[in-house]
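Visitor: This is the structure I want to talk about, given as structure tokens.
The values are calculated or read from the model by the stated rules, or taken from the named source; none is laboratory data. None of these values were measured; they are calculated from a predicted model. Neighbour counts are summed over all protein chains in view; Cβ atoms, including those assigned to glycine, are modelled from backbone coordinates with ideal geometry. For accessibility, only protein heavy atoms count, side chains too; no ligands or nucleic acids. Shrake-Rupley method; radii C 1.70, N 1.55, O 1.52, S 1.80 Å.
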Amino acid sequence: DASLAEANSFSPSMPTSPSSMINQYKFEEEPELRDLFITVDDPESHITAIETFITYRVVTKTSRSEFDSSEYEVRRRYQDFLWLKSKLEEAHPTLIIPPLPEKFIMKGMVERFNDEFIETRRKALHKFLNRIADHPTLTFNEDFKIFLTAQAWELSSHKKQGPGLLSRMGQTVRAVASSVRGGVKNRPEMFTEMNDYMETFSQKINVLDKIAHRIYKEEREYFNEMKEYGPIHTLWSASEEDIADSLKGVASCIDKCCKATEKRMAGLSENLLPIIHEYVLYSEILMGVLKRRDLIQGELDSKVDALASKRAEKDAITEEIGKLEDKVECANNALKADWERWKQNMQYDMRSAFTNVAENNLHYYEE
Amino acid sequence: MEDCLSKKIEITVSEAEKRTGRNAMNMQETYTAYLIETRAVESQNEGQCSPVDSLWRRYSEFELLRNYLLVTFPHIVVPPLPEKRADFVWHKLSADNMDPDFVERRRIGLENFLLRVASHPVLCQDNIFYSFLTQEGGWKEMVNETGFQLKADSRLKALNATFRVKNPDKRFTELKHYSDELQSVISHLLRVRARVADRLYGVYKVHGNYGRVFSEWSAIEKEMGDGLQSAGHHMDVYAASIDDILEEEEHYADQLKEYLFYAEALRAVCRKHELMQYDLEMAAQDLTSKKQQCEELATGTVRTFSLKGMTSKLFGQENPEQREAKIKVLEEQIQEGEEQLKSKNLEGRDFVKSAWADIERFKEQKNHDLKEALISYAVMQISMCKKGIQVWTNAKECFSKM
């Protein structure tokens, strides 16, 4: 059972104390010890009879022995990323798979592929692959390797193997259904806490998303009005003699303030907004992960119930139960470990994003 | 500086009070009355506390005073009153005349008006002004008795003169252009400033939303909780700080508004000059045509086409006696006309001289005041940035502890 084998790379026998986690975390952060470097760039438009789509260049550099070469360059489209994500979810139902940028932009879609949209997407895809590379388990996933290395035709033939889209959808549908059926009876308290946390976190992060966007909008409107404010003083200075210099001085200061405001806005849109957005997506992902864990546990619980009523097939069922118990335990541990890792990352991301905002504001006022 | 009233007495408009009364049409109305307090300066130097005289006046009485000054001293740039209705408002400010903030700013504006008049070398010596400050009852009657309304030039006459005058003093024409430009640029500036203030208010206030969310979020976090909570507090402080900042800016706006209205006063002086110049030109023209008529009658030659000439040709010439009588009348008129022209010329020259002296005084005052206003605006902006630096330094510390 391939999925179990990989989950075992973080098996319960390994000490999972917080300090060893932090060591693991630090290990991933130090660039010299990284052995997989990925970049996503160079978007290109492709026009066929049926459709228009964009491909991105994915460059991989690695020193790992499992890779035949040390450098790879492939072209991938958004669909391919979607495929990778669903394969990872399938293989590791209770690991936190990083978010992908959304399929479409909700509002104001004039052109499906305007430059800003493509650039934002490219950055997000780059982050996606790198987060997978940094993940202690996901980085060794086989589909991930194929994604990074296979030529276009190799990838499409590989995609055709394995369970189709419908079965994967079915898994999630079953997960939702089982949670609708009144939750899991024997859910360990830890995961109930996680669930409660995620519900609140999800609410708050969505509100934060709205607030951050609102601030950006207000700053933009402020900038637009300020653009008109400076030139009026210059115009006035033309009618004056004595105070002309003072007026021109004020005009140039206002223009400087304008530029500073632009910088401040750029800081928001490049840093805080994308990160908050990522975590909005993360909160959805996490709710999904928790549901899948519940589903796995649900399988165990239903078999336990079945055991109670079918004594004849006791042995067979007991064996199944044994396997399922392992499965549940692994799933739980995988989630636990990944959860801790996620929280650390989230804390780090939020801290640096907001500190960055504060610094930008400081620079703005200093200027 | 001459001995201005402002050096002898201290003037303040210290209070404003809502009143109800009956107006001219016997309908009930609400208005605001302002308390004017005056106190002699000299006795203060001797360490004695001199008594304060006070009386109440309403805005319409200030208007009456100013109209009187405008008519009585047409060569003076008369200080303007604060605006009658709230203009250039942005969303937080109320356009309501009864709004306490508006009343407060108006109180300051009225005090400023009185101080300006009291420190003007010419205006401060006027009796009506002095009585405005000191005599509560019967002042209105006193003003009306001066009959100043009759001396006022009609708007129509002034407009007519503006279009038809041929040789106004170039300096006044330039001054008129300047006052038009000043008025247009300041009102544009005030309008944009109001919009900028509105937007700035929005930016600050939205940050306040962070405070609440951070606080709620901190409840579910263990390590991040403290940092989030205290950062949220700083966001609240940041959001609240904009109220004081913008209130101070309103005072700056009021200073600019004063000069917006001063532009109107400048134009009034120019209009008066145009009127006098036009009068002069009309009088000179009249004199010239009478002289010509006289000459024609005397010599019998008709140099210019005239209806009279045509009718006399058609209906016969006049006899010598009639002509003599006409010439005599004309000669009298001509003499009168020449005297009038002389005095009008003198008047005109005096006006230009004294008006220009006051305009120079005004220019100096304007440059000084505007420079100071711009400096204080810059100081306000610096202080706003310093506050911003403080808040965000604190917030940064909280964030880094998350």
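Visitor: Go through the residues of segment A:264-285 one by one and say whether even a single one is more than 30 Å from B:Glu223 (Cβ to Cβ) and within 14 Å of chain B (Cβ to nearest Cβ).
Guide: yes
Visitor: List, please: which pairs have Cβ atoms under 7 Å, are six or more places apart or on different chains, and start with a residue in segment A:210-222 that is more than 7 Å from every other protein chain (Cβ to nearest Cβ) and end with one that is of a type in the set (Val, Ile, Thr)?
Guide: Between residues of segment A:210-222 that are more than 7 Å from every other protein chain (Cβ to nearest Cβ) and residues that are of a type in the set (Val, Ile, Thr), the close pairs are A:Ala212/A:Ile276.
Visitor: Mind checking which residues of segment A:346-367 are touching a residue at least 40 places away in the same chain (Cβ under 8 Å) and more than 7 Å from chain B (Cβ to nearest Cβ)?
Guide: Selection gives A:Met346, A:Asp349, A:Ala353, A:Asn356, A:Val357, A:Asn360, A:His363, A:Tyr364, A:Glu367.
Visitor: Give the residues of segment A:223-246 that are of a type in the set (A, V, I, L, M) and facing chain B (nearest Cβ under 7 Å), sorted by residue number.
Guide: From segment A:223-246, those of a type in the set (A, V, I, L, M) are A:226, A:232, A:235, A:238, A:243-244; that's our starting set.
Within segment A:223-246, A:Met226, A:Ile232, A:Leu235, A:Ile243 qualify.
Visitor: What number of residues within segment B:61-78 satisfy the criterion of being more than 21 Å from B:Ser154 (Cα to Cα) and not hydrophobic (A, V, I, L, M, F, W, C)?
Guide: Of all residues in segment B:61-78, those more than 21 Å from B:Ser154 (Cα to Cα) come to B:61-62.
This time we only want the ones that are not hydrophobic (A, V, I, L, M, F, W, C), so: B:61.
The total comes to 1.
Visitor: Residues of segment A:148-200 being assigned to a helix (DSSP H, G or I), of a type in the set (S, T, N, Q), over 30 Å from B:Ala219 (Cβ atoms) and at pLDDT 60 or above, which ones?
Guide: Scanning segment A:148-200 gives A:Thr149, A:Ser156, A:Ser157.
Visitor: While we're on this one: Quick check: is even one residue across segment B:148-165 open to solvent by less than 70 Å² (accessible area, probe 1.4 Å) and closer than 30 Å to B:Asp53 by Cβ? Before the answer, list the steps.
Guide: As a first pass, look at segment B:148-165 and keep what is open to solvent by less than 70 Å² (accessible area, probe 1.4 Å): B:148, B:152-154, B:158, B:160-162, B:165.
Now narrow it down to the ones that are closer than 30 Å to B:Asp53 by Cβ: B:148.
Yes, there is a match, as at least one residue in segment B:148-165 is open to solvent by less than 70 Å² (accessible area, probe 1.4 Å) and closer than 30 Å to B:Asp53 by Cβ.
Visitor: On the given criteria, is A:Glu278 open to solvent by 10 Å² or more (accessible area, probe 1.4 Å) and assigned to a loop (DSSP other than H, G, I, E, B)?
Guide: no
Visitor: Filter segment B:359-371 down to the residues that are open to solvent by 40 Å² or more (accessible area, probe 1.4 Å) and either within 10 Å of chain A (Cβ to nearest Cβ) or among the hydroxyl-bearing types (Ser, Thr, Tyr) (or both) and list them by number. Before you say what the answer is, go through the steps one by one.
Guide: Step one: filter segment B:359-371 for residues open to solvent by 40 Å² or more (accessible area, probe 1.4 Å), giving B:360-361, B:363-364, B:368, B:371.
Hits for segment B:359-371 are B:Lys363, B:Glu364, B:His368, B:Lys371.
Visitor: What number goes with the only condition from (1) assigned to a helix (DSSP H, G or I); (2) open to solvent by less than 30 Å² (accessible area, probe 1.4 Å); (3) touching a residue at least 60 places away in the same chain (Cβ under 8 Å) that B:Ile334 does not pass?
Guide: For B:Ile334, the failing item is (3).
Visitor: Working carefully through the options A:Glu116, A:Glu90, A:Glu102, find the one that is outside the structural domain of A:Lys343 (by the TED database), within 19 Å of the chain's Cα centre (by Cα) and assigned to a helix (DSSP H, G or I). Please lay out each step first, then the result.
Guide: On the way: A:Glu116 fails: within 19 Å of the chain's Cα centre (by Cα); A:Glu102 fails: assigned to a helix (DSSP H, G or I).
Of the residues listed, the single one that is outside the structural domain of A:Lys343 (by the TED database), within 19 Å of the chain's Cα centre (by Cα) and assigned to a helix (DSSP H, G or I) is A:Glu90.
Visitor: For A:Ile296, indicate whether it is of a type in the set (Val, Ile, Thr), part of a helix (DSSP H, G or I) and within 14 Å of another protein chain (Cβ to nearest Cβ). So that I can check it myself, show each step before the final result.
Guide: Details: of a type in the set (Val, Ile, Thr): yes; part of a helix (DSSP H, G or I): yes; within 14 Å of another protein chain (Cβ to nearest Cβ): no.
For A:Ile296, the condition - of a type in the set (Val, Ile, Thr), part of a helix (DSSP H, G or I) and within 14 Å of another protein chain (Cβ to nearest Cβ) - is not met.
Visitor: Further, regarding this structure: Given the criteria assigned by the TED database to the domain that holds A:Gln203, touching a residue at least 60 places away in the same chain (Cβ under 8 Å) and surrounded by fewer than 21 Cβ atoms within 10 Å (Cβ to Cβ), does A:Gly267 qualify?
Guide: yes
Visitor: Pull up segment B:198-248, narrow it to residues that are among the basic types (Lys, Arg) and part of a helix (DSSP H, G or I), then point me to the one that is nearest to the other protein chains (Cβ to nearest Cβ).
Guide: Here is the first cut: in segment B:198-248, the residues among the basic types (Lys, Arg) are B:199, B:205, B:212, B:222.
Retained after the next criterion (residues that are part of a helix (DSSP H, G or I)): B:199, B:205, B:212.
Details: B:Arg199: 4, B:Lys205: 8, B:Arg212: 9 Å.
Per the stated criteria, the residue is B:Arg199.
Visitor: Pairs under 6 Å by beta carbon, first residue among the hydrophobic types (A, V, I, L, M, F, W, C) in segment B:364-384, partner assigned to a helix (DSSP H, G or I), six or more apart or different chains?
Guide: Partner pairs satisfying both residue conditions: B:Ala373/B:Gln255; B:Leu374/A:Ser246; B:Leu374/A:Val250; B:Met380/B:Glu248; B:Met384/B:Ile245.
Yes/no matrix, rows are residues, columns are (1) assigned to a helix (DSSP H, G or I); (2) surrounded by fewer than 19 Cβ atoms within 10 Å (Cβ to Cβ):
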| residue | (1), (2) |
| --- | --- |
| B:Ile108 | yes, yes |
| B:His120 | no, no |
| B:Tyr130 | yes, yes |
| B:Asn167 | no, yes |
| B:Arg193 | yes, no |
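Visitor: Shifting gears a bit: Please work out if B:Gln28 is at pLDDT below 80, farther than 30 Å from B:Ser184 by Cβ and open to solvent by 30 Å² or more (accessible area, probe 1.4 Å). Full working, then the answer.
Guide: Values: at pLDDT below 80: no; farther than 30 Å from B:Ser184 by Cβ: yes; open to solvent by 30 Å² or more (accessible area, probe 1.4 Å): yes.
So B:Gln28 fails the test.
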